[in-house]
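Accompanying notes for the structure given below.
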Amino acid sequence: MTHLISPSLLSADFGNLQKDIEMINQSEADWFHLDIMDGVFVPNISFGFPIIKFVKKHAKKPLDVHLMIVDPDRYIEDFQKAGADLLTVHYEACNHLHRTIQNIKSKGMKAGVSLNPHTPVHLLKDVIADLDLVLIMSVNPGFGGQKFILNTIEKIKELKELIVKKKSNALIEVDGGVDNTNAKMLIEAGCDALVAGSYIFGSGNKLETIKSLKSLSNL
Ligand code: DX5
Ligand code: ZN
């Protein structure tokens, strides 16, 4: 399987969101990455259900929804109704992670768990077989445009080993500061999906930037 690209809409133009959604539809990207922040789990607030529903209405690709919120169980059904195909919660935000994962799957969505930069991979040992995706944060969550944390590469290698050992089907996704200086390294380390926000939306030619991340050529 070739790696997947999930452009983060956090860096899109919210004054003309439909244009950026159409751009992603036409691009070689695979998913739409939507960052949901509650101002409690992370020091920022992003957007909620009306925007997700709007994206779902126009998107021709799956919605990869990244919840940076405390106690996400309260809203799992709402995210499913809003159009999430893949729902990722934070390890650090769940007291009963196993139950949360089962709840997500019972609503027909793929289940992901995200790890902050300080959270070690081995903590997923007992749930990795149940997961569809692990999202490794390569910045502290909350904002786009931050600097990539290099230790992420080691974490991805360790996670890949755990996935193989536990015969899990989980994909590895990385999020934060992904650009042409680290994309190849991430794929070589075992990454299956790259999230990129400011690198794509801050570039002159977004379609070409997505294409280069997808092919990893001309990076
Ligand atoms: C950060 C978010 C990311 C963010 C990535 O908390 O989870 O998805 O949009 O943005 P860049 O690619 O600019 O680091
Ligand atoms: Zn994200």
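The values are calculated or read from the model by the stated rules, or taken from the named source; none is laboratory data. Keep in mind it's a predicted model, so treat the numbers as computed, not measured. Counting neighbours? That spans all protein chains shown, and the Cβs are built from the backbone with ideal geometry, glycine included. Just so you know, the surface numbers come from the protein's heavy atoms only, side chains and all, with ligands and any DNA or RNA stripped out. Shrake-Rupley method; radii C 1.70, N 1.55, O 1.52, S 1.80 Å.
Here is the figure for region 132-163: residues that are touching a residue at least 60 places away in the same chain (Cβ under 8 Å) and within 11 Å of ligand 2 (Cβ to nearest atom) total 5.
For Val195, the criteria (1) assigned to a loop (DSSP other than H, G, I, E, B); (2) within 18 Å of Lys110 (Cβ to Cβ); (3) among the hydrophobic types (A, V, I, L, M, F, W, C) hold in every case but one, which is (1). When residues in region 69-81 are screened for being touching a residue at least 12 places away in the same chain (Cβ under 8 Å) and out of contact with any strand residue (DSSP E or B) (no Cβ under 8 Å at 6 or more places or on another chain), 4 of them pass. When region 11-27 is filtered for residues that are open to solvent by 50 Å² or more (accessible area, probe 1.4 Å) and within 17 Å of the chain's Cα centre (by Cα), nothing remains.
With the structure loaded, tell me whether Leu133 is modelled with pLDDT of 95 or more, in contact with a Lys or Arg (Cβ under 7 Å, 6 or more places away or on another chain) and not charged (D, E, K, R) or whether it fails that test. Explain how you work it out, then say what you get.
Details: modelled with pLDDT of 95 or more: yes; in contact with a Lys or Arg (Cβ under 7 Å, 6 or more places away or on another chain): yes; not charged (D, E, K, R): yes.
It is true that Leu133 is modelled with pLDDT of 95 or more, in contact with a Lys or Arg (Cβ under 7 Å, 6 or more places away or on another chain) and not charged (D, E, K, R).
Just one of the numbered conditions (1) in contact with a helix residue (DSSP H, G or I) (Cβ under 8 Å, 6 or more places away or on another chain); (2) over 21 Å from Gly204 (Cβ atoms) is not true of Ala12: (2). Checking each residue of region 199-212 against the condition of being outside any helix (DSSP H, G or I), surrounded by fewer than 23 Cβ atoms within 10 Å (Cβ to Cβ), away from ligand 2 (no atom under 16 Å from the Cβ) and within 18 Å of the chain's Cα centre (by Cα) gives no match. The residues of region 138-168 that are outside any helix (DSSP H, G or I), out of contact with any strand residue (DSSP E or B) (no Cβ under 6 Å at 6 or more places or on another chain) and within 20 Å of Tyr199 (Cβ to Cβ), listed by number, are Val139, Asn140, Gly142, Phe143, Gly144, Gly145, Gln146, Lys147, Phe148, Ile149, Leu150, Asn151. Can you tell me which residue is farthest from ligand 1 (Cβ to nearest atom) among those in region 171-190 that are surrounded by fewer than 24 Cβ atoms within 10 Å (Cβ to Cβ) and in a loop (DSSP other than H, G, I, E, B)? If we take residues in region 171-190 being surrounded by fewer than 24 Cβ atoms within 10 Å (Cβ to Cβ) and in a loop (DSSP other than H, G, I, E, B), then Gly190 is farthest from ligand 1 (Cβ to nearest atom).
For Val127, are the conditions met, namely being within 21 Å of Ile69 (Cβ to Cβ) and within 16 Å of ligand 1 (Cβ to nearest atom)? I'd like the intermediate steps shown before the answer.
Details: within 21 Å of Ile69 (Cβ to Cβ): yes; within 16 Å of ligand 1 (Cβ to nearest atom): no.
In short, no.
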